[in-house]
Amino acid sequence: MSEKLALVTGASRGIGKACALELAKAGYDIIVNYAGNAEAAEKTVQEIKALGVEAAAYKFDVSNKEEVDKSIAEIVEKYGRIDVLVNNAGITRDGLFMRMSEENWNAVINTNLSSAFFVSQPVVKVMMKQRSGAIVNMASVVGVSGNAGQANYSAAKAGLIGLTKTLAKELGSRGIRVNAVAPGFINTDMTKDLDTSKFTDFIPLKRLGEPEDIAKVVKFLAVDADYVTGQVLEVDGGLII
Ligand code: NAP
């Protein structure tokens, strides 16, 4: 067991999985949270263990405060500390604003924004006792720029940016840094149904991002960037310069 533990929400697939592997390479034991895909979560755990650190999968719905509280209590009981939290789990329920159902609004706000409130509160309690910790919130460029067809998602991601800056101000004196990454279009299950060929024209670097492109920046903010807090780093190939 190493002395550093990172909790990555939504780490069974996509960007979260890449973040978990990158933090494992930096020597962190990893808690792999997931919602339902146990097979993918177990595969991530095995890939992390192959890097020489510990890993365990924890199934809990980040939008359900009771489940979150129970799981974080178990994690703290077992490991005693949490050094890095990546609030990454997220979903989309896209549609034009005037046709958006209350159900799709609430699903995205709860999973992508309230989740960060639910998960961060008990984790920050632990970090405050340690007088150290780093949180990275997975925002999106559309939280900065807005996006037609994604009112729920853009509002949630903009909310995460506000939460990031506020927590940075509240928690800096306790040795806790809080930053956000705002990815552009990244090759994952979330974007697999989009016709992404039409986007590459607008991206100065002329390609979609890969999960590893995001993971490197998350690791930088979580581990290396000792004097950086309250920042939102756009990792989008130049999409919204
Ligand atoms: P993805 O491939 O669809 O993976 C989503 C992950 O989140 C999975 O591990 C999933 O677990 C987990 N998850 C979903 N709902 C959850 C819940 N209620 N509780 C716990 N875990 C939950 O998505 P991704 O593209 O990697 O996106 C990851 C994050 O990056 C999201 O916050 C997304 O908004 C953000 N982002 C993505 C892009 C992009 O272009 N892909 C761009 C900007 C921002 P299961 O495997 O168990 O379902």
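Nothing in this text is a laboratory measurement; each read-out follows from the coordinates by a stated rule. Since the model is a prediction, treat every value here as computed from it, not as a measurement. Because the Cβ atoms are built from the backbone with ideal geometry, glycine has one as well, and the counts that use them run over all protein chains shown.
Checking D224, D213 one by one, the residue that is among the acidic types (D, E) and surrounded by 14 or more Cβ atoms within 10 Å (Cβ to Cβ) is D213 and no other. Of all the listed residues (R99, R93, R81), the sole one being more than 16 Å from the ligand (Cβ to nearest atom) and more than 18 Å from V136 (Cα to Cα) is R99.
Cβ-Cβ contacts under 6 Å between residues 6 or more apart (or on different chains), taken from a first residue in the stretch 176-205 that is more than 14 Å from the ligand (Cβ to nearest atom) to a second residue that is of a type in the set (A, V, I, L, M), are listed as I176/M127; R177/A134; V178/I135; V178/L167; V178/A168; N179/V136; N179/L221. When the stretch 46-72 is examined, which residues are found to be more than 22 Å from I91 (Cα to Cα) and of a type in the set (A, V, I, L, M, F, W, C)? Hits for the stretch 46-72 are I48, A50, L51, V53, A55, A56. Based on this model, can you work out whether T111 counts as in a loop (DSSP other than H, G, I, E, B), within 16 Å of the ligand (Cβ to nearest atom) and either closer than 21 Å to A35 by Cβ or hydroxyl-bearing (S, T, Y) (or both)? For T111, the condition - in a loop (DSSP other than H, G, I, E, B), within 16 Å of the ligand (Cβ to nearest atom) and either closer than 21 Å to A35 by Cβ or hydroxyl-bearing (S, T, Y) (or both) - is not met. Taking the criterion of being of a type outside the set (F, W, Y) and within 22 Å of V119 (Cβ to Cβ), the residues of the stretch 138-153 that qualify are M138, A139, S140, V142, G143, N152.
Sort through A11, A40 and tell me the only one that's out of contact with any Asp or Glu (no Cβ under 6 Å at 6 or more places or on another chain), over 18 Å from M127 (Cα atoms), part of a helix (DSSP H, G or I) and within 8 Å of the ligand (Cβ to nearest atom). Step by step, each of A11, A40 is checked, and only A40 is out of contact with any Asp or Glu (no Cβ under 6 Å at 6 or more places or on another chain), over 18 Å from M127 (Cα atoms), part of a helix (DSSP H, G or I) and within 8 Å of the ligand (Cβ to nearest atom).
Results for (1) assigned to a loop (DSSP other than H, G, I, E, B); (2) under 24 Å from L23 (Cβ atoms); (3) without any contact (Cβ under 8 Å) to a residue 24 or more places away in the chain; (4) among the β-branched types (V, I, T), shown as yes or no for each residue.
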site	(1), (2), (3), (4)
A73	no, yes, no, no
K78	no, yes, yes, no
G90	yes, yes, no, no
N104	no, no, no, no
Q121	no, yes, yes, no
V124	no, yes, no, yes
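A search for C-beta distances below 6 Å between a residue of the stretch 1-20 that is among the charged types (D, E, K, R) and any residue that is buried (at least 24 other Cβ atoms within 10 Å of the Cβ) and in a helix (DSSP H, G or I), counting only pairs 6+ apart in sequence or on different chains, returns K17/T44. Residues of the stretch 167-190 that are crowded, with 21+ Cβ neighbours inside 10 Å and not in a helix (DSSP H, G or I): I176, R177, V178, N179, A180, V181, A182, P183, G184, F185, I186.
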